[in-house]
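Participant: I am attaching a structure below and will ask some questions about it afterwards.
The values are calculated or read from the model by the stated rules, or taken from the named source; none is laboratory data. The shown structure was predicted, so the numbers you read here are calculated from the model rather than taken from an experiment. Heads up, the Cβs are rebuilt from the backbone with ideal geometry, glycines too, and the neighbour counts pull from every protein chain shown.
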Amino acid sequence: MKIVIAVVVSVVTLLLLAIGGAALFYPQAGKSSSGGGEGDAVQIHVVQRGELIETVTAPGKVQPKTKVAISAKVSSRILELPFDEGDSVTKGDPDADPPAPASVLVRLDASDLEALLRSARARHDAQAASIEVEKSRIESQRATMAALAVTLADAERNLSRQIELRATKDVSQSTLDQAQMRRDELAAQKAAAEASLQASERGQAVLQYNLEAAEAEIARAEDDLSYTIISSPIDGVVTKLNAEVGELVITGTMNNPGTVILEVADLSNMLVVAELDEADVDLVHEGQSANIRLLSDQDRVYHGTVEKIALKATDGLTRYFETEILLDTDGRRLYSGLTADAEIHVNDFTDVLTVPSQAVLGVKLDDLPAEVRKDNPLVDPDKTMTTVVYRLIDGKAVVTPVRIGTSDLTDTVIEQGLSEGDRVIIGPYKVLESIKHDQKVHDEEEDEDKDKDKEQKNKLTAEDTENTEESPSE
């Protein structure tokens, strides 16, 4: 008898398990397969107060804060390039003990410039000698003038005596005339000597100016000669080498840029030169923080600070303002020219209501129910579109006009229209694109919880049945 009872119990148990399994795999008609709720399963966000950081994004490139293009100031041929790309160079330290010399980046052929310097010095020496000759001639003219002055004074005294003697009839008129002629002749010679002396003095001034010009020519030749050795103006790294030994470098003109021999950059201070859209330029200010992501290292976030914003937009099809963001590289060496994306923090909002941005929709004014449009301050009758979200209330999607504020990459501030604790529908997208007011929906998370509870109950039932089967056999 006990064996018959055990067999019957086993058969009933198997039937119950089969019926339960069928119920799990074949839900009732009209119910969602995700958990038994009516309508579409949706994702829900509970509105809470929190913080939101408003950001502005801008693409850019990594560049050194300090970089120098090394060009030649004189046209000559390259004799030596001591450093290769990637080598470190220094500007030197004259105050060190002992003084540290600057790194020589380029040596140019100086033979032609040395010849020009010798020629300028020779012209200078010749000019200086001419000035000395002129000085001697001027001194001679001054001595001649002094002699003429003495002779003229003697002639004037003689003329005075002859005039007195003529008055007493002691000399003839011819004697007086000869004295007068002698005096006039000496006066004319003295005047001519004075004019010649003045001309010589002016000539000496001209020679002095020529001497100064010769000195300037020497100084220029010495400068040109010094330009044949180019030292590093900064501490940094040779980032680009554009020339080879033996090439002829030329100086730049207005329409023809000169030869850029190499480039030196300080890679310890790096910038992101971002292209800031003109629509965002009023939001960005110096000193704001930024997060930087590099295309070559997207998993790492670098921090930066806005240092400079261009006052003039670039000309072209796309107008933008160059914005320099100083990078905190944390000791890492970054390559110049890397592509970067800058996320600049422009505003911080605290204690605000936010929802995921995909929940904020725009619907036509005519599609809103009359009871929602009527006397609603958040619905502008002069506009064709209204900003709304859909709330989940009593198993239905309820359209709710809202006034939104700023947003970041994921969330949007709700200024009016929602309260803390409201349940807002945020997805999935295929539901949001066709959702209607009063449409039946249910929370997919609640369905998952129900499914888990049901699975747990079935598991417990199966365990109880198994225990029941084992009891009679014992």
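Participant: Filter the stretch 387-397 for residues that are surrounded by fewer than 17 Cβ atoms within 10 Å (Cβ to Cβ) and touching a His at 6+ places or on another chain (Cβ under 8 Å) and give the result.
Facilitator: Listed by number, the list holds a single entry, GLY395.
Participant: Looking only at residues that are part of a strand (DSSP E or B) and of a type in the set (A, V, I, L, M, F, W, C) in the stretch 287-305, which one is surrounded by the fewest Cβ atoms within 10 Å (Cβ to Cβ)?
Facilitator: Looking at the filtered set, the residue picked out is VAL301.
Participant: Looking only at residues that are in a loop (DSSP other than H, G, I, E, B) and of a type in the set (Lys, Arg) in the stretch 306-322, which one is surrounded by the fewest Cβ atoms within 10 Å (Cβ to Cβ)?
Facilitator: LYS312
Participant: On to the next question. Looking for something touching a helix residue (DSSP H, G or I) at 6+ places or on another chain (Cβ under 8 Å) and either over 30 Å from GLU134 (Cβ atoms) or surrounded by fewer than 17 Cβ atoms within 10 Å (Cβ to Cβ) (or both) - is there at least one such residue anywhere in the stretch 228-251?
Facilitator: Within the stretch 228-251, one or more residues are touching a helix residue (DSSP H, G or I) at 6+ places or on another chain (Cβ under 8 Å) and either over 30 Å from GLU134 (Cβ atoms) or surrounded by fewer than 17 Cβ atoms within 10 Å (Cβ to Cβ) (or both).
Participant: Looking at THR354, is it among the hydroxyl-bearing types (Ser, Thr, Tyr) and more than 27 Å from LEU295 (Cα to Cα)?
Facilitator: So THR354 fits the description; yes.
Participant: Check LEU116, LEU148 and return the single one that is more than 30 Å from ALA72 (Cβ to Cβ), part of a helix (DSSP H, G or I) and in the same structural domain as ARG182 (by TED's automatic domain parsing).
Facilitator: LEU148
Participant: Of the residues THR400, THR384, THR406, only one is modelled with pLDDT of 90 or more and crowded, with 17+ Cβ neighbours inside 10 Å; which?
Facilitator: THR400
Participant: Among the residues of the stretch 165-178, write down those that are surrounded by 12 or more Cβ atoms within 10 Å (Cβ to Cβ) and either part of a helix (DSSP H, G or I) or of a type in the set (A, V, I, L, M) (or both).
Facilitator: LEU165, ARG166, VAL171, THR175, LEU176, ASP177, GLN178
Participant: Hey, another quick one. For the stretch 179-207, enumerate the residues that are surrounded by 15 or more Cβ atoms within 10 Å (Cβ to Cβ) and out of contact with any helix residue (DSSP H, G or I) (no Cβ under 8 Å at 6 or more places or on another chain).
Facilitator: none
Participant: If you don't mind, there's one more thing I want to ask. Can you name every one of the strands (runs of 3 or more DSSP E) wholly within the stretch 377-416 that holds 2 or more residues which are within 42 Å of the chain's Cα centre (by Cα) and touching a residue at least 24 places away in the same chain (Cβ under 8 Å)?
Facilitator: 385-393, 403-407, 411-416
Participant: Just for the stretch 349-365: of the residues that are without any contact (Cβ under 8 Å) to a residue 60 or more places away in the chain and not in a loop (DSSP other than H, G, I, E, B), which one is farthest from SER296 (Cα to Cα)?
Facilitator: LEU365
Participant: Here's a follow-up. Just one of (1) outside any strand (DSSP E or B); (2) touching a strand residue (DSSP E or B) at 6+ places or on another chain (Cβ under 8 Å); (3) surrounded by fewer than 16 Cβ atoms within 10 Å (Cβ to Cβ) trips up LEU79, so point out which.
Facilitator: (1)
Participant: Tell me whether the stretch 333-340 contains one or more residues that are under 29 Å from ASP411 (Cβ atoms), out of contact with any Gly (no Cβ under 7 Å at 6 or more places or on another chain), assigned by TED's automatic domain parsing to the domain that holds PRO64 and surrounded by 11 or more Cβ atoms within 10 Å (Cβ to Cβ).
Facilitator: Yes.
Participant: Taking the stretch 323-348, which residues are outside any strand (DSSP E or B) and either free of Cβ contacts under 8 Å to residues at least 24 places away in the same chain or among the aliphatic types (A, V, I, L, M) (or both)?
Facilitator: Result: GLY331, ARG332, LEU334, LEU338.
Participant: Inspect the stretch 310-321 for any residue being assigned by TED's automatic domain parsing to the domain that holds LYS240, in contact with a Lys or Arg (Cβ under 8 Å, 6 or more places away or on another chain) and closer than 30 Å to VAL46 by Cβ and give the result as yes or no.
Facilitator: No, the conditions are met nowhere in the stretch 310-321.
Participant: Return the pair list, or none, for Cβ contacts closer than 8 Å from residues in the stretch 135-163 that are of a type outside the set (Gly, Ala, Ser) to residues that are not in a helix (DSSP H, G or I), at least 6 apart or on different chains.
Facilitator: Between residues of the stretch 135-163 that are of a type outside the set (Gly, Ala, Ser) and residues that are not in a helix (DSSP H, G or I), the close pairs are GLN162/VAL171.
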